[in-house]
Amino acid sequence: MAQDFSLKLWGVRGSTPTPGASTLRYGGETSCMELCAGGSLVLIDCGSGARNFGRDLHAFPPRPFDLLFTHTHLDHICGLPFFTPAYDGRFEISAWAGHFASEGGLADIICRIMSPPIFPVAAKSLKAVTFRNFKAGADIPRDDDLVIRTVKLNHPGGACGYRFELKGKSICIITDHEHGDKKIDEGVRRFVEGADVMIYDAMYTDEEYKQFVGWGHSTWQKAVELALDANVKTPVLFHHDPRRDDDALDEIGEAARARHPGTLVASEGMVLSP
């Protein structure tokens, strides 16, 4: 496992996995992040990157942990049917979502994707998983020193951002989010204020965004602008467009660092320690 307070990225791509020679350096798996906080473990999103994480996790003794979904679009949940700890009753996995209007929303979605003719194994086979809902804006209850705050994001169907705080350090995850709603944007700015690390939806460039207004994603320029405005130490560009190859991400990273020297471009295997 990683340091006392760290975030490891197991999947950084948006929309769909993108295996191939042109995505080897940054990776092609979709959203999945492993947070280590003292002796606690939290998994954020269960996209295709979760399959590899689950394989590695099985090398350690079974343990309870939380699985927090930013939302339930397919690229953020498609790894759950292939996440082997979820089938192992020795693990205790509390799966949370904060964007549903009613109880049972998360369980209903997982049951829908894990049912014939879509998938041959039923959701009831996920012996380790308990599904729970909360309302975005509420804290996630804990019995350790880790504080988990949440915020509503602007995304079709709803989405939730997370802020993790431990011993004066903070990591924020803001994906999937579209800028443009003044009230939500101001809430997000306050939410990430002073964060040591901020994962941010940078699916598009400002020029590309004109074609995708309403699709629920932001730009790398907005990520940098927010980081500068909110005094974020390390903004991390995340949720890469499936059309974006490694060379294009190199170019975006160089341009972003010219505006905010601390900017990083998310890549599979990256470990972030505030």
Pairwise Cα inverse-distance average, inverted: Kirkwood Rh of segment 185-271 (Å)
13.1
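From the P(r) of segment 16-102, can you give the percent of Cα pairs sitting at distances over 16 Å? If you can, show how the numbers build up before the last one.
Values: 2026 of 3741 pairs.
Everything past 16 Å amounts to 54 percent.
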Could you check the simple spin-label distance between F82 and T130, using points 7 Å along Cα→Cβ, in nm with one decimal?
2.9
So the carbon and sulfur contribution to the accessible area of the chain, 1.4 Å probe, in percent, is 52
For segment 103-186: Kirkwood Rh in Å [reciprocal of mean 1/r, alpha carbons]
15.2
Magnitude of the Cβ-charge dipole (Lys and Arg +1, Asp and Glu -1) of the chain about the Cα centre, nearest 20 debye, reported as 620
Magnitude of the Cβ-charge dipole of segment 11-111, K/R +1 and D/E -1, about the Cα centre, nearest 20 debye?
340
Using the crude model of +1 on Lys and Arg Cβ and -1 on Asp and Glu Cβ, and no other charge, please compute the dipole size for segment 199-250 relative to its Cα centre, in debye to 20.
220
Based only on the alpha carbon positions, what is the Kirkwood hydrodynamic radius of segment 116-250, in angstrom?
16.4
Summing +1 per Lys or Arg and -1 per Asp or Glu among the other residues with Cβ less than 14 Å from D4's Cβ gives -2
Between K233 and V147, what is the label-point separation in nm under the 7 Å Cα-to-beta-carbon projection?
1.6
Segment 51-115: radius of gyration and largest Cα-Cα distance (Dmax), Å:
12.3, 37
If you wrap a convex hull around the Cα atoms of segment 1-51, how much volume per residue is inside, in Å³?
76
Cα-based Rg and Dmax for segment 150-192, in Å, come out at 10.7, 34
Expressed as a whole number of Å, what is the distance separating the alpha-carbon centroids of segment 194-230 and segment 4-46?
19
Calculate the tail of P(r) for segment 12-161: the fraction of all Cα-Cα distances greater than 19 Å, expressed in %.
53
Whole-angstrom gap from segment 77-131 to segment 160-179, using each part's C-alpha centre
24
Of all DSSP beta bridges in segment 1-119, antiparallel share, percent nearest 5:
50
Go through L126, L146, G158 and say which Cα lies farthest out towards the positive end of the charge dipole of the chain; charges sit on Cβ, +1 for Lys and Arg, -1 for Asp and Glu.
L126
Overall dimensions of the chain by Cα: Rg and Dmax, Å:
17.4, 50
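The values are calculated or read from the model by the stated rules, or taken from the named source; none is laboratory data. Since this is a predicted model, take the numbers as computed values, not measurements. Cβ sites come from the backbone with ideal geometry, for glycine too, and all protein chains shown count toward neighbours. Note: accessible area is taken over every heavy atom of the protein model, side chains too, but ligands, DNA and RNA are not part of it. Shrake-Rupley method; radii C 1.70, N 1.55, O 1.52, S 1.80 Å.
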